[in-house]
Amino acid sequence: MRHSDAWRSWPASNTGVRRKICIGVFMAALLFASHAHADEPTFFEQAVAWFNPDKGPADTSAPDAVPYTVTFEVVGAERSVRSAVTDASNLESLKRQAPAGAAGLIRRAVADRERILVALYSEARYGGRVTIKVAGRAPNDPMAFEAVNTARHAGPVPVTVLVEPGPVFKFGTVRVVDAAGRRPLPTAPTPEQLRLVTGEVARATDIAGAERVIVNSFRDSGHPLARIASKDVVADHATKTLDVTFVVQAGPVATFGTFTVSGTQRLKPGFVEERIDIQPGEPYSPKRLARLRKRLSEYEAIASVRLREADQLDANGQVPIYVEVTERDPRYVGFGAKYSTTEGSVANVFWGHRNLFGGGETLRLDAQVSWFGSTPEAVPDADPFGYKVSTTFVKPGIYTPADDLIAQASVLREVTNAYVRDAATFLGGVRHRFSDELTMQVSLDLEQSRVQDANGTKDYSIAGIPVDVAYDTTDNLFDPSQGIRFNATFEPFAYLGDSGAGPFMMKGALSAYRALDEDNRFILAGKVAAGSIVGASLFDIPAQRRFYVGGGGSLRGYDYQSASPRNAQGDIIGGLSFFTASAEARIKITDTIGLVPFFDMGAAFASETPDFDNLRYSAGIGLRYYTALGPIRFDFAVPLNPRDGDSHYGFYISLGQAF
């Protein structure tokens, strides 16, 4: 049976009759394309208009344009069916773009019938009837052309669409069989796994989704050539059930073959090959290919990676893989800014190179200026102006492809409520990737600084050996919807010229993200962080190395560092430990606008362990504007248990989520 015949012969009511039908996105594409003409939008344009009417094809003011009005009547159906019908209709979505001539309007009406039928299938309505009248005539009426030309002289041509959705069908028998013998495949997913359960509503979109699940299941089992050879979908109008049979051609179990790389230009030829950790002869696994693609895409020099599998096995029964790489432009420039009522303003510009010597080496130069916005509490005579000039160099694969050399140097003036620091710093180390999720970095940390705080001015020469551990399973760097992030730093440090063991600092943070719906429009996010310094008294620790809480990065609504220990004069002095926690509900109102109610708690403490009896609390609401670079954050927060002198509110603007 031809696809078009299957659609045309669909009965409105056919008691006791079983009909084989063809369902799917590809079928819909064939139908839409079969009605496309020069004066009608292409299928792609129709699809754009269907799913996003505001971004349809531009109005070309076609010659001999025929304006029209369209009226829908959907008999006895719920709102979701009515919406599906109007969303699918080109007569509705393109009504501001009048077709050319009577023939153009008639063609649009003919094509709409098929689109609406597909929409009914998506609502499990397989016995529906769609009747379209143009100027009172059916589109296939020989008098329709004349009727349109007569009606257009009196104004817009009336078009009516009558939809009788028919009953809701439910799944009957669902089978997955072998293409060779039509025998059930014991290793195939069950109907429950396919979400095609007997007695459940039989939506066509669920059938299309089940095809992907079946193919992916066999591919995950080592069958790279698995495909759906055909599917039989039979509607029984007497019982209002839909029987579905998937005919699977699994193909042989195979192993990986050779990997062939193409597309590298500025990168050295061996850069990509050295980072392919899959050897020929290893069992085929699409998950390993996905991890390889993700890992290669993380290098700044690489814009995109496509892993293309051969459509047939080689002579050894292996599947060759073609790695197609697209490189980024090597140089880039940019700027950024953020503002808060508690921390002032920061602006920065940067220049970078993504592939300095052909081996994926990166170099970035940053220049930042800041204005604290108020007089520093502990150093009231200090200038609130700050700056930072820094450079960062990364050399991938210093020992093995999993080891990166990292070097950072900076000259800065840091202005805070608790201290003012003028310093030169250097950090150099090696980062090792144990897996896609787990990394560890060991570094040498050097600092020469002059610090002014409540106790006066002092010079420091500090050396430390920080060990950083990071574990990240999230799905997005700037706007995660699933997974967890864990970061921990352990650093012994000492004062150059002094004898004996120095202090030991440790801190960590854990955040978790969970989307409550498939479209990631409602996400719960939470974070806890804590830290401690042991081995020295509070005032033996330089002010810049103590812990502080308060402000947009820790406790919104409170002044920067204000939820921290103070001396007898009320000056902020910082602490030896801290604890913070935050919870957010990230709710997308539209594709670009979101609301985020949130709650924060935390404080820093003079003791080596947190004192949970003295926590500060805040709550607020945030606005998110989602862009291609990530969400822009606007947060407003108020303290819930402020102390005398604390701010009444805080307002923050920056790029990215709060955590």
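Summary table
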{"item": "Only one of L655, L623, L629 that is more than 11 Å from R556 (Cβ to Cβ) and at pLDDT 95 or above", "result": "L623"}
{"item": "Members of region 318-347 that are under 30 Å from V253 (Cα atoms) and touching a Gly at 6+ places or on another chain (Cβ under 9 Å)", "result": "Q318, V319, P320, I321, V323, E324, V325"}
{"item": "Scope region 107-128; condition crowded, with 22+ Cβ neighbours inside 10 Å and among the acidic types (D, E); matching residues", "result": "D112, E123"}
{"item": "Test result for T609, more than 20 Å from A378 (Cβ to Cβ), among the hydroxyl-bearing types (S, T, Y) and free of Cβ contacts under 8 Å to residues at least 40 places away in the same chain", "result": "no"}
{"item": "So I589, is it of a type in the set (A, V, I, L, M) and buried (at least 20 other Cβ atoms within 10 Å of the Cβ)", "result": "no"}
{"item": "Matching option when the condition is assigned to a loop (DSSP other than H, G, I, E, B) and either out of contact with any strand residue (DSSP E or B) (no Cβ under 6 Å at 6 or more places or on another chain) or buried (at least 17 other Cβ atoms within 10 Å of the Cβ) (or both), among L292, L296, L313", "result": "L313"}
{"item": "Residues within region 400-416 that are buried (at least 18 other Cβ atoms within 10 Å of the Cβ) and hydroxyl-bearing (S, T, Y), tallied", "result": "1"}
{"item": "Only one of G535, G570, G602, G531 that is touching a Phe, Trp or Tyr at 6+ places or on another chain (Cβ under 6 Å) and either charged (D, E, K, R) or at pLDDT below 95 (or both)", "result": "G535"}
{"item": "Total residues in region 342-358, condition surrounded by fewer than 17 Cβ atoms within 10 Å (Cβ to Cβ) and small (G, A, S)", "result": "3"}
{"item": "Residue list for region 619-643, filter: buried (at least 18 other Cβ atoms within 10 Å of the Cβ), of a type in the set (G, A, S) and without any contact (Cβ under 8 Å) to a residue 60 or more places away in the chain", "result": "G622"}
{"item": "In region 417-446, the residues that are in contact with a Ser or Thr (Cβ under 9 Å, 6 or more places away or on another chain), surrounded by fewer than 15 Cβ atoms within 10 Å (Cβ to Cβ) and of a type in the set (A, V, I, L, M)", "result": "A424"}
{"item": "Qualifying residue in region 606-619 (condition: charged (D, E, K, R) and either touching a Pro at 6+ places or on another chain (Cβ under 9 Å) or not assigned by TED's automatic domain parsing to the domain that holds I523 (or both))", "result": "yes"}
{"item": "Test for D436: is it more than 27 Å from Q569 (Cβ to Cβ) and assigned to a loop (DSSP other than H, G, I, E, B)", "result": "yes"}
{"item": "Residue match in region 326-341 (condition: surrounded by fewer than 15 Cβ atoms within 10 Å (Cβ to Cβ), of a type in the set (S, T, Y) and at pLDDT 95 or above)", "result": "yes"}
{"item": "The one condition in (1) closer than 26 Å to V430 by Cβ; (2) under 15 Å from the mean Cα position of the chain (by Cα) that I523 fails to fulfil", "result": "(1)"}
{"item": "All positions within region 547-568 that are outside any loop (DSSP other than H, G, I, E, B), touching a Gly at 6+ places or on another chain (Cβ under 6 Å) and in contact (Cβ under 8 Å) with a residue 60 or more places away in the chain", "result": "L555"}
{"item": "Strands (runs of 3 or more DSSP E) completely within region 466-546 that count 3 or more residues being at negative phi and without any contact (Cβ under 8 Å) to a residue 24 or more places away in the chain", "result": "482-495"}
{"item": "Among (1) crowded, with 19+ Cβ neighbours inside 10 Å; (2) within 21 Å of T86 (Cβ to Cβ); (3) of a type in the set (A, V, I, L, M, F, W, C); (4) out of contact with any His (no Cβ under 7 Å at 6 or more places or on another chain), the one test that A102 misses", "result": "(2)"}
{"item": "Complete set of residues in region 129-184 that are aliphatic (A, V, I, L, M), under 44 Å from the mean Cα position of the chain (by Cα) and surrounded by fewer than 18 Cβ atoms within 10 Å (Cβ to Cβ)", "result": "L162, V168, V177, A179, A180"}
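The rows are residues; the columns are (1) in the same structural domain as N90 (by TED's automatic domain parsing); (2) of a type in the set (K, R); (3) farther than 29 Å from A238 by Cα.
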site: V157; (1), (2), (3): yes, no, yes
site: T160; (1), (2), (3): yes, no, yes
site: V176; (1), (2), (3): no, no, no
site: G181; (1), (2), (3): no, no, yes
site: P186; (1), (2), (3): no, no, yes
site: P189; (1), (2), (3): no, no, no
site: E192; (1), (2), (3): no, no, no
site: V197; (1), (2), (3): no, no, no
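The values are calculated or read from the model by the stated rules, or taken from the named source; none is laboratory data. Everything numeric in this text was worked out from a predicted model, so none of it was measured. So basically every Cβ, Gly included, is an ideal-geometry build from the backbone, and we count neighbours across all protein chains shown.
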